[in-house]
Amino acid sequence: MSYPDPFDAAQVDAVIDRIHRLGASTPPQWGKMSSAQAMAHLCVAYEMVYTNTHAKPSVFVRLLLRLVAKRGVVGPKPYPKNTVTAPQFRIADARDFFVERDRLIDYVRRVQVDGREGFEGRESPSFGALTADEWAVLFGKHLDHHLRQFGV
């Protein structure tokens with residue numbers, strides 16, 4: 001399956017258009033997150049790249065993630081509906097939809113500006129060094145999954 005390429009300006013514009021079609025009261029087609037929580041949830045992947053907000057997994061957990069989860073995260077197969085979310089990605093509190101939406105759009109644009117060159121061999125806190133193609137799948141697949149969750 002093909003996912004939006006986070007390094008391609010036209011595809012980024014199309015993703016941002018989809019994000020703008022999502023509303024604060026748009027109900028999910030599956031799962032329990034509100035649209036605001038989904039926007040905050042999506043931001044976590046970018047926060048892990050650009051901030052020190054989230055603790056890095058231990059060496060042992062990173063090894064397990066590389067062996068068990070990496071293929072599912074950066075591989076071509078779509079995420080199943082109602083997949084269990086890792087603890088650091090769980091958003092339990094209420095969020096401001098517009099604040100989270102705008103944060104997400106800023107992160108999506110930042111990745112596009114940094115480009116493939118900025119992500120080739122870049123360290124993932126969970127999986128170690130990833131290729132730009134693996135980063136593209138990681139970001140594109142996650143965005144597409146949750147935008148489809150809300151029918152956009």
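The values are calculated or read from the model by the stated rules, or taken from the named source; none is laboratory data. From a predicted model like this one, the values you see are computed outputs, not experimental measurements. Counting neighbours? That spans all protein chains shown, and the Cβs are built from the backbone with ideal geometry, glycine included.
Do any residues in the range 103-116 that are modelled with pLDDT of 95 or more have Cβ atoms under 8 Å from those of residues that are surrounded by 15 or more Cβ atoms within 10 Å (Cβ to Cβ) and not in a helix (DSSP H, G or I), where the two are at least six apart or on different chains, and which pairs are they?
Sorted first by the residue in the range 103-116, then by its partner, the pairs are V108/P6; V111/P6; V111/F7; Q112/P6; Q112/F7; Q112/D8; G115/F7; R116/F7.
If K77 meets every condition in (1) touching a residue at least 60 places away in the same chain (Cβ under 8 Å); (2) in contact with a helix residue (DSSP H, G or I) (Cβ under 8 Å, 6 or more places away or on another chain); (3) in a loop (DSSP other than H, G, I, E, B) apart from one, which number is that one?
So the condition that K77 fails would be (2).
Restricted to the range 59-114, and to residues that are over 19 Å from M48 (Cα atoms) and of a type in the set (F, W, Y), which residue is surrounded by the fewest Cβ atoms within 10 Å (Cβ to Cβ)?
That would be F98.
Report, ordered by the first and then the second residue, all pairs with beta carbons closer than 8 Å, sequence separation of six or more or different chains, a first member in the range 48-73 that is over 19 Å from R90 (Cβ atoms) and part of a helix (DSSP H, G or I), and a second member that is of a type in the set (A, V, I, L, M, F, W, C) and modelled with pLDDT of 90 or more.
R62/F127; R66/F127; K70/F127
Filter the range 36-48 down to the residues that are touching a Ser or Thr at 6+ places or on another chain (Cβ under 8 Å) and closer than 20 Å to G128 by Cα and list them by number.
Correct list: E47, M48.
Go through R103, R116 for me and flag whichever is basic (K, R), over 15 Å from the mean Cα position of the chain (by Cα) and closer than 23 Å to V12 by Cβ.
R116
Taking the stated definitions as given, is T83 farther than 22 Å from G31 by Cβ and without any contact (Cβ under 8 Å) to a residue 12 or more places away in the chain?
Here the answer is no, as T83 does not meet what is asked.
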